[in-house]
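What follows is a set of notes on a single structure, which appears directly below.
All of the numbers you see were taken from the coordinates with simple rules; none came from a lab. Remember, it's a predicted structure, so these values are computed and weren't measured experimentally.
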Amino acid sequence: MIDEIDRKILALLIQNGRITHEEIAKRLNFSRPAIHQRVAKLTEKGIINSYTAEINWEKLGYAIDAFILATVYTKDFNEMIDELLKLEHQDWVVLNVYRVTGKHCIMLRVKAKNSASISALHDQMLQFVGIVETYTMLVLQSRAVICDGLEQIEE
């Protein structure tokens with residue numbers, strides 16, 4: 001599927017999504033066209049889906065990082081997830097919605113300005129038909145793991 005060079009390219013892109021093909025080529029001792037071709041193939045295969053920015057939400061005023069789990073009774077989880085993704089408010093941002101196993105079958109990752117924002121989000125979620133309970137976990141500390149596991153991917 002991918003070889004050692006592709007893994008190294010992916011590792012560099014994970015560390016810095018804005019790194020140029022020229023810089024990757026220098027670091028890996030390859031030509032820029034060779035790197036360009038490899039990145040294009042990784043994109044074509046769907047291995048590279050997008051390039052994103054890592055945002056410092058605290059500097060934007062969103063000091064609370066939380067996971068909200070919801071117990072849901074519904075026949076259409078995709079519709080429920082779509083509705084949850086539409087939740088908008090100036091005091092919170094829904095980053096991801098996951099369908100998970102267990103008692104709580106939906107989990108949201110949210111950023112909020114304060115605890116009152118989390119409370120308002122809970123109130124809004126409980127208005128949804130099918131959501132019967134919520135449970136919130138506040139993130140006290142997080143640390144990103146860069147590239148861990150890429151070396152385990154088979155060629």
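Shape call for the range 4-53 from the C-alpha gyration tensor, a ≥ b ≥ c root eigenvalues: rounded (a/c under 1.5), prolate (a/b greater than b/c) or oblate?
Working: a/c = 1.66, a/b = 1.22, b/c = 1.36.
Taking the square roots of the gyration eigenvalues as a ≥ b ≥ c, the range 4-53 is oblate.
Given the rule -39500 (n - 2.57) for each run of at least 4 DSSP H residues, summed and divided by the residues of the chain, what is its mean residue ellipticity at 222 nm, to the nearest 500 deg cm²/dmol?
Result for the chain, helices only: -10000 deg cm²/dmol.
Rg(Cα) of the range 1-141 divided by 2.2 N^0.38 Å?
1.39
For Tyr98 and Leu126, compute 0.36 nm times the residue count separating them, minus their Cα-Cα distance, and round to one decimal in nm.
Working: separation 28, 0.36 × 28 = 10.08 nm, distance 1.73 nm.
Net length gain for the segment: 8.4 nm.
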